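Here's the structure, in structure tokens; my notes come after.
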Amino acid sequence: MPASAAVAAGPGMPTRPYSMRILGGSWPSTSPESWSDTASALSKKSADLSTSAAAIRRAADDLGGSNSGQMIDAMCERSYRTAQTVINHSDLYGDMAKAVKETAELIWHARERLDEIDRRAHEEIERLRQQFAAAASPLGAGAASAALYAAIEAIINAA
């Protein structure tokens, strides 16, 4: 199979012949999927907290609407403050969800960009292999092989 036909193995690093040398330690080891899952969980927590705050406000409204007195007023006031605290927490979870989602997107983008660099380098290597194979004569096979090796090394280093 030509190098340009190789594909990445699932969410991991590409498995082309020179991928380890080209990408090496540059490939993000963190899974963007796990970051995305975390962002979804944080968004759900934010929505749940918002729903809880609305329920606390409704309960305070119901209590104050059907009762009166200083104790009822104090209970309602405390409930409204509690609801606001829960809303503040909901907002924090929402902000965290956005940041974590952006992190996942950055990892996906980095992987796509690195895969593109690797793919182009492998295409260039394959083009050189074909060019050297067509031009090589049996008498100059050693020199052609050394030149091809040097050209491949240059491509890998440039990538």
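Length available on full extension from ARG113 to ASP95: 0.36 nm per residue minus the Cα-Cα distance, which gives 3.8 nm. Calculate the spin-label point distance for LEU128 paired with ALA74, positioning each point 7 Å from the Cα along the beta-carbon direction, and give it in nanometres. It is 8.2 nm.
At the residue level, THR38 shows approximately 70 square angstrom of accessible surface with a 1.4 angstrom probe and all protein chains present. Rolling a 1.4 Å probe across the protein heavy atoms gives the chain an accessible surface of 63 Å² per residue.
Under conditions of 10 °C and 1.306 mPa s, the stretch 45-159 yields 79 µm² s⁻¹ as its translational diffusion coefficient, taking Rh as the Kirkwood radius over Cα pairs in the Stokes-Einstein equation. Report, to the nearest 10°, how far helix 32-66 tilts away from the longest principal axis of the Cα atoms in the chain, using its own Cα long axis and a range of 0 to 90°. Taking Cα atoms only, the helix is inclined about 10 degrees. Restricting to Cα pairs below 8 Å that are 6+ residues apart, what does the relative contact order work out to for the chain? Please round to a whole percent. Relative contact order for the chain comes out at 33 percent.
The fraction of accessible area contributed by carbon and sulfur in the stretch 67-121 is 55 percent, rounded to a whole number (1.4 Å probe; ligands and nucleic acids excluded). The accessible area of MET75, taken with all protein chains in place and a 1.4 Å probe, comes to roughly 90 Å².
Here's the list of aspartates and glutamates a cross-link from LYS45 could span, going by alpha-carbon distance under 14 Å and ignoring same-chain residues fewer than 8 apart: ASP37, ASP91, ASP95.
Taking only Cα atoms and a 10 Å spring cutoff, compute GNM fluctuations for the chain and point out the largest among ALA54, ALA134, ALA97. Highest fluctuation among the options: ALA134.
For the set HIS122, HIS89, the ranking by accessible area, highest first and with no ligand, DNA or RNA atoms included, is HIS89, HIS122 under a 1.4 Å probe.
Please give the helix 70-135 orientation as an angle from the longest Cα principal axis of the chain, in degrees from 0 to 90, rounded to the nearest 10. Roughly 10 degrees between the two axes.
The long axis of helix 141-158 is offset from the longest Cα principal axis of the chain by roughly 20 degrees.
The values are calculated or read from the model by the stated rules, or taken from the named source; none is laboratory data. Here the structure is a predicted model, which is why all the values come from computation and not from measurement. Using ideal geometry, Cβ is built from the backbone for each residue, glycine included, and neighbour counts are taken over all protein chains shown. Ligands, DNA and RNA are stripped out before the accessible areas are found, and what is left, the full protein with its side chains, is counted by its heavy atoms. Shrake-Rupley method; radii C 1.70, N 1.55, O 1.52, S 1.80 Å.
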